[in-house]
Amino acid sequence: MADAGFVDGMTPYLRESLGAHGERVLDSDGVPVVSAPADVGRGLLRTTHERADERVREALAEAVADAVAAPDSEDALGALRQVIRKALNKTPGLAEELAALMPSGDGGPVVVVASGTRSIAAGGSIGVAITGDGRQEPSN
């Protein structure tokens with residue numbers, strides 16, 4: 001069984017790549033690099049698509065189309081992650097290939113992605129972060 005945390009960790013990259021490229025995210029040619037996170041997500045999706053069997057490839061293409069059609073749907077994104085989990089369980093060596101595409105926590109560049117209404121992105125400890133209407137400063 002694919003580690004849920006591993007696939008869930010792909011979420012910001014998948015979201016960025018779907019937003020940047022739409023259904024073309026699975027295309028091999030003519031898709032420009034838009035941002036580092038979008039490129040990571042595209043690599044994850046393309047590698048999964050290339051290595052999986054025909055049935056999983058079809059399910060992946062359908063899940064991508066659904067997630068592009070409903071960009072704010074956590075259900076559509078969850079369905080896409082589920083297809084990736086299936087591919088990981090069925091395809092030997094795929095987990096290692098996808099892990100190699102993910103940014104590492106070894107002190108290299110940090111990629112931070114904020115996605116969604118009132119999201120905050122921080123590359124380290126920022127202390128208190130407050131979003132929303134009617135925010136109030138914390139008392140000292």
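The values are calculated or read from the model by the stated rules, or taken from the named source; none is laboratory data. Please read these numbers as outputs of a predicted model, since none were measured by experiment. Please note: Cβ atoms are built from the backbone with ideal geometry, for glycine as well, and neighbour counts cover all protein chains shown. Surface areas here come from the heavy atoms of the whole protein model, side chains and all, with no ligands, DNA or RNA. Shrake-Rupley method; radii C 1.70, N 1.55, O 1.52, S 1.80 Å.
Quick notes on this structure:
- Potential lengthening between N89 and A129 on full extension [0.36 nm per residue; Cα-Cα distance subtracted]: 10.6 nm
- Accessible area per residue was computed with a 1.4 Å probe on protein heavy atoms; S17 scores about 0 Å².
- The stretch 1-92: C-alpha gyration tensor shape, a/c 1.5 cut-off, then a/b vs b/c: rounded
- Whole-Hz ³J(HN,Hα) from phi, Karplus 6.51 cos²θ - 1.76 cosθ + 1.60, for the stretch 51-60, glycine and proline x: 8, 6, 6, 4, 4, 5, 4, 5, 5, 5
- Potential extension, E62-A36 segment - 0.36 nm per residue separation minus Cα distance: 6.9 nm
- T11 sits with roughly 20 Å² accessible to a 1.4 Å probe, with DNA, RNA and ligands left out of the calculation.
- Placing dummy labels 7 Å off each Cα toward the beta-carbon, the span from S104 to A69 is 4.0 nm.
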